[in-house]
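Have a look at the structure below before the remarks.
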Amino acid sequence: MLQQFGFTQYESQVYTSLITVNQPLDATAIVKRSSVPRSKVYEVLQRLSDKGMILEATVEKKRLYTALPLESVIEKLKADFEENIEQLKKIEVEDVPLDDRIWSLKENQSIQSLIKELTEGAERSIYLSAWGDDLNQFLPILEDKDRQGLDIHIHAIGEIETSIKAVSTLIPDQHHNTLERSRILIVDQREMLFAGIEESSWQAIRTQSPPLVKFFTEFFYHDVALTKITKRYKETIMKDEEIKDILLKLRY
């Protein structure tokens, strides 16, 4: 876990060796408990000291070390993280011209964060297609943008509760067993993001390429049209095996 906060493996091992014993240790004892090579241990101890993770004292000409208590470490890491966030917010990002390159992005949380950022930055319109339970986290932003007068359109797979008027909803049933989780976002008819699951992991592409923005805008309306057709003519469609088979092969 310490490595996830930017500490090296050796730093993590040394801190663990100190926090799990109820007495100060010298460098020799730390080498034995941590398995960090003797040639590296003083360098590691110095880095931990500089980071405020350990306390030091000299007793009878011997240098002793003890770990900063866990609760103090937790408070320190939280404070460092919040300070870093504030520094990031101060970075000025210059407006860039149209970028028609196709950028790829992995990891679900990163994709969700980018969707939030793009929707928050929208100035004219937002088209968003996703599953209902996925859409809920974006609804506060979308409803706020709707109140500001932006053109908001939502296509939901599954029920959602929202004040936004332009919502088409597909309720999956046993006939829709081929439906796959995905997200389509088009912002200001200028930028798009498409995300789907590949080999059990979320992956996305993002671009301002006009042909792709246009294609995915039409794809969004393709989903809306299929939903309305399925809802309005469901009984007729399900009685015609040929039409039903073709329709259910299409992606919503």
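The values are calculated or read from the model by the stated rules, or taken from the named source; none is laboratory data. These numbers come from a predicted model, not from an experiment. A quick note on method: Cβ atoms are made from the backbone with ideal geometry, for glycine too, and the neighbour counts reach across all protein chains shown. Remember, those area values only see protein heavy atoms, side chains included, never the ligands or the DNA or RNA. Shrake-Rupley method; radii C 1.70, N 1.55, O 1.52, S 1.80 Å.
Please go through the stretch 66-105 and pick out each residue that is among the β-branched types (Val, Ile, Thr) and either in contact with a His (Cβ under 6 Å, 6 or more places away or on another chain) or assigned to a strand (DSSP E or B) (or both). First the steps, then the outcome.
Pass one, the stretch 66-105, residues among the β-branched types (Val, Ile, Thr): 66, 73-74, 85, 91, 93, 96, 102.
Within the stretch 66-105, just THR66 meets the criteria.
What about LEU118, is it assigned to a helix (DSSP H, G or I), under 22 Å from the mean Cα position of the chain (by Cα) and either under 30 Å from ASP240 (Cα atoms) or modelled with pLDDT of 90 or more (or both)?
yes
List the helices (runs of 4 or more DSSP H) inside the stretch 125-238, counting only whole elements, that have at least 3 residues being open to solvent by less than 80 Å² (accessible area, probe 1.4 Å) and over 20 Å from GLU107 (Cβ atoms). Lay out the reasoning, then the answer.
Numbers: elements: 132-135, 139-147, 210-232.
So the answer is 139-147, 210-232.
Looking at (1) surrounded by 11 or more Cβ atoms within 10 Å (Cβ to Cβ); (2) within 30 Å of GLN137 (Cα to Cα); (3) under 24 Å from the mean Cα position of the chain (by Cα), which one does LYS76 not meet, given that it meets all the others?
Checking LYS76 against (1) surrounded by 11 or more Cβ atoms within 10 Å (Cβ to Cβ); (2) within 30 Å of GLN137 (Cα to Cα); (3) under 24 Å from the mean Cα position of the chain (by Cα), the one that fails is (3).
Across the stretch 5-31, what is the number of residues that are more than 32 Å from the chain's Cα centre (by Cα), part of a helix (DSSP H, G or I) and surrounded by 12 or more Cβ atoms within 10 Å (Cβ to Cβ)? Give the derivation first.
Here is the first cut: in the stretch 5-31, the ones more than 32 Å from the chain's Cα centre (by Cα) are 17-31.
Imposing the further condition that a residue be part of a helix (DSSP H, G or I) reduces the set to 17-19, 27-31.
From what's left, surrounded by 12 or more Cβ atoms within 10 Å (Cβ to Cβ): 17-19, 27, 29-31.
The number of residues fulfilling the criteria is 7.
Could you say whether any residue in the stretch 109-118 is under 30 Å from LYS234 (Cα atoms) and either open to solvent by less than 60 Å² (accessible area, probe 1.4 Å) or free of Cβ contacts under 8 Å to residues at least 60 places away in the same chain (or both)?
The first filter runs over the stretch 109-118 and keeps only residues under 30 Å from LYS234 (Cα atoms), leaving none.
Within the stretch 109-118, none of the residues are under 30 Å from LYS234 (Cα atoms) and either open to solvent by less than 60 Å² (accessible area, probe 1.4 Å) or free of Cβ contacts under 8 Å to residues at least 60 places away in the same chain (or both).
Going by the structure shown, is ARG63 in contact with an Asp or Glu (Cβ under 7 Å, 6 or more places away or on another chain), open to solvent by 70 Å² or more (accessible area, probe 1.4 Å) and either outside any loop (DSSP other than H, G, I, E, B) or of a type in the set (Ser, Thr, Tyr) (or both)? Write out each step before concluding.
Details: in contact with an Asp or Glu (Cβ under 7 Å, 6 or more places away or on another chain): yes; open to solvent by 70 Å² or more (accessible area, probe 1.4 Å): yes; either outside any loop (DSSP other than H, G, I, E, B) or of a type in the set (Ser, Thr, Tyr) (or both): yes.
It is true that ARG63 is in contact with an Asp or Glu (Cβ under 7 Å, 6 or more places away or on another chain), open to solvent by 70 Å² or more (accessible area, probe 1.4 Å) and either outside any loop (DSSP other than H, G, I, E, B) or of a type in the set (Ser, Thr, Tyr) (or both).
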